[in-house]
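K.L.:
Following this message is one structure expressed as structure tokens.
Each value in this text was obtained by applying a stated rule to the coordinates, not by laboratory testing. Since we're looking at a predicted model, the values are computed, not measured. Cβ coordinates were reconstructed from backbone atoms using ideal geometry, including for glycine residues, and neighbour counts include every protein chain displayed.
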Amino acid sequence: MSKTVVLTSGGFTAGTKEGPAENTLAVSKVDWGETGGKQVYLFTLRNRNGVQVKISNYGATVTGWVTPDKNGNKSNIVLGFDRLSKYLSNSPFFGAAIGRYGNRIANGTFKIDDNTYTLAKNNGANHLHGGNKGFDKVVWDAAPSSDGKATLALKYLSKDGEEGYPGNLNVTVTYTLTDADELLITYEAETDKATVVNLTNHSYFNLTGDLSNTILDHTLQVNADRYTPVDDALIPTGALETVEGSPFDFLQPHKIGERIGAVAGAYDHNLVFTDPSGILKQVATLSDAVSGRKLEVYTTEPGMQFYTGNFLDGTITSSDGMPIDKHAGLCLETQHFPDSPNKPAFPSTLLRPGEQYHTVTKYKVMIAE
């Protein structure tokens, strides 16, 4: 008998019941509270396999992704919460859409043509993930697909001067859950003034579906032959170094905990893909032997921030009160490189009026053979 999970939005505990009826909606919606006078909703995307992805229009946030393990038991493979208040108070970007610029910009400044722009400095002397109120902390307009697909489109207008960025930026993030157990994320944007854009998703994965397990025994393979070394503030030096002979070499699969101790502060680095063509391609594979789950990552982006939850320290608790400790989850944030606006040799993140920003990332879950 098929099983489907009965749960709210996040956390790693779930009951089960008999499989859904044939007429189960591909996208459903419930009220989830409000903030700043705006209504917040929680949407559930479902496919024919009973897989569920939960997304809030607060921060365009993936709050849960429920999928079976090798024994058919379903659990949540991303870190998240079951109520809005947890996101409003202390979420470290769990599952959120990140913008206007994902990752760091040195000293919170950059130039376009002859103009210098000063951004919010919310990470020491630097700018991180869009500033004090990035895209992860705003309420988006959300509309499910009208064609019966498990698709949710979220739109946001980032006004000229928001967090210091130039230009009115119209952004659309579209999530689609396919019957192949893929979460397809499409990012689109256009501006009326030259600006910089680098959008990503900040989901923390734990393929065991159990917060009592760290991700150190997960195995990772990445098609990246270079990485961008960083200074003490995690700002790229501007160099592109080979991964050969280093703990950043995941061209062949390695357990994450195998060499993490050799990296100062653990992994929080941008890996540079071997194929820079910009076509949608597989770039990484993450697997967990205990659950049997495997996650494949595909993207059009040139790089990916590999982050191992180093700043999680147990002060944040899950929906059921369990401390979320260091290495409880990992991020595979497809992106352009950190501090690209100040590094002319890096792939450009400049978007001008009349141009269309368009990137695609796909996460596919399966059971390893």
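K.L.:
Which far-off residues, 5 or more places away or on another chain, put their amide H under 5 Å from the one on Ile316, with H placed in the peptide plane?
P.N.:
Ile324
K.L.:
Right, another one. Per residue of region 130-136, in order, report the coupling 6.51 cos²θ - 1.76 cosθ + 1.60 (Karplus, θ = phi - 60°) as ³J(HN,Hα) in whole Hz, putting x for Gly and Pro.
P.N.:
For region 130-136, the Karplus curve yields x, x, 5, 10, x, 5, 6 Hz.
K.L.:
Measure off 7 Å from each Cα along the Cα-to-Cβ vector at Asn310 and Arg259, then give the distance between these two points in nanometres to one decimal.
P.N.:
Reported label-point gap for Asn310 and Arg259 is 1.6 nm.
K.L.:
Determine the gain in length on full extension of the stretch Leu157-Thr242; use 0.36 nm per residue of separation and subtract their C-alpha separation, reporting nm with one decimal.
P.N.:
Working: separation 85, 0.36 × 85 = 30.60 nm, distance 3.90 nm.
26.7 nm is the gain from fully extending Leu157 to Thr242.
K.L.:
Taking a threshold of 22 Å on the Cα-Cα distance, which of the pairs Lys54/Lys362; Lys70/Lys281; Lys54/Lys86; Lys255/Lys343 fall above it?
P.N.:
Values: Lys54/Lys362 16 Å; Lys70/Lys281 26 Å; Lys54/Lys86 15 Å; Lys255/Lys343 32 Å.
From Lys54/Lys362; Lys70/Lys281; Lys54/Lys86; Lys255/Lys343, over 22 Å: Lys70/Lys281; Lys255/Lys343.
K.L.:
Same structure again: How large is the charge dipole for the chain, taken about the Cα centre, if only the Cβ atoms of Lys, Arg (+1) and Asp, Glu (-1) carry charge, to the nearest 20 debye?
P.N.:
Values: 32 positive and 41 negative charges, 136 e Å.
It comes to approximately 660 debye.
K.L.:
Could you give the length gained on full extension between Val290 and Asn132, defined as 0.36 nm per residue of separation minus the Cα-Cα distance, in nm? If you can, show how the numbers build up before the last one.
P.N.:
Values: separation 158, 0.36 × 158 = 56.88 nm, distance 3.86 nm.
Length gained between Val290 and Asn132: 53.0 nm.
K.L.:
Considering only DSSP beta bridges whose two residues both sit in the chain, what percent are antiparallel, to the nearest 5?
P.N.:
Details: 106 of 107 bridges.
Counting only bridges with both partners in the chain, antiparallel ones make up about 100 percent.
K.L.:
Considering amide H positions built from the backbone, and no H for Pro or chain starts, which residues 5 or more places from Val196, or on another chain, come under 5 Å of its amide H?
P.N.:
Amide H neighbours of Val196, under 5 Å, 5+ apart: Leu351.
K.L.:
How big is the gap, in Å, between the Cα center of region 290-322 and the Cα center of region 240-254?
P.N.:
20
K.L.:
So which lysines can Lys159 reach, going by Cα to Cα under 24 Å and dropping same-chain residues fewer than 8 places off?
P.N.:
Of all the lysines, those that pass the test against Lys159 - Cα under 24 Å, at least 8 places apart if same chain - are Lys38, Lys111, Lys121, Lys133, Lys137, Lys193.
K.L.:
A follow-up question, please. Among [x] 0.98; [y] 1.08; [z] 0.94, only one was calculated for this model; which label is it, if the read-out is Rg/Rh (Cα atoms, Kirkwood Rh)?
P.N.:
[z]
K.L.:
Could I ask something else about it? Given only helices, namely DSSP H runs of n ≥ 4 each adding -39500 (n - 2.57), what is the per-residue ellipticity at 222 nm of the chain, to the nearest 500 deg cm²/dmol?
P.N.:
Numbers: 1 runs with 7 residues, N = 369.
Calculated mean residue ellipticity at 222 nm is -500 deg cm²/dmol.
K.L.:
If you take the square roots of the eigenvalues of the alpha-carbon gyration tensor of region 136-236 and sort them as a ≥ b ≥ c, do you get rounded (a/c under 1.5), prolate (a/b over b/c) or oblate? Don't jump to the answer; show the numbers that get you there.
P.N.:
On the way: a/c = 2.15, a/b = 1.16, b/c = 1.84.
Judged from the Cα gyration tensor, region 136-236 comes out oblate (a/c at least 1.5, b/c at or above a/b).
K.L.:
Explain nothing, just compute: Karplus ³J(HN,Hα) = 6.51 cos²θ - 1.76 cosθ + 1.60, θ = phi - 60°, for every residue of region 48-61 in order, whole Hz, x for Gly and Pro.
P.N.:
Working through the residues one at a time gives 6, 8, x, 6, 10, 10, 9, 9, 9, 7, 7, x, 6, 9 Hz.
K.L.:
With a 10 Å cut-off between alpha carbons and a GNM built on the chain, which of Ile215, Ile185, Ile316 moves the most?
P.N.:
Looking only at Ile215, Ile185, Ile316, the biggest GNM fluctuation is shown by Ile316.
K.L.:
Still on this structure, please answer the following. Among Met304, Met322, which comes first, then next, by fewest other beta-carbon atoms within 10 Å? List each step's numbers first, then the result.
P.N.:
On the way: Met304 26, Met322 16.
Lowest to highest Cβ neighbour count: Met322, Met304.
K.L.:
How large is ³J(HN,Hα), in whole Hz, for each residue of region 347-362 in order, when computed from phi with the Karplus curve 6.51 cos²θ - 1.76 cosθ + 1.60 and θ = phi - 60°, using x for Gly and Pro?
P.N.:
Result, rounded to whole Hz: x, 6, 10, 6, 10, 10, x, x, 9, 10, 7, 8, 9, 9, 9, 10.
K.L.:
How much length is gained if the chain between Asp192 and Asp232 is pulled fully straight, taking 0.36 nm per residue apart and subtracting their Cα-Cα distance, in nm to one decimal? It would help to have the intermediate numbers written out before the result.
P.N.:
Details: separation 40, 0.36 × 40 = 14.40 nm, distance 3.58 nm.
Taking Asp192 through Asp232 to full extension adds about 10.8 nm, to one decimal.
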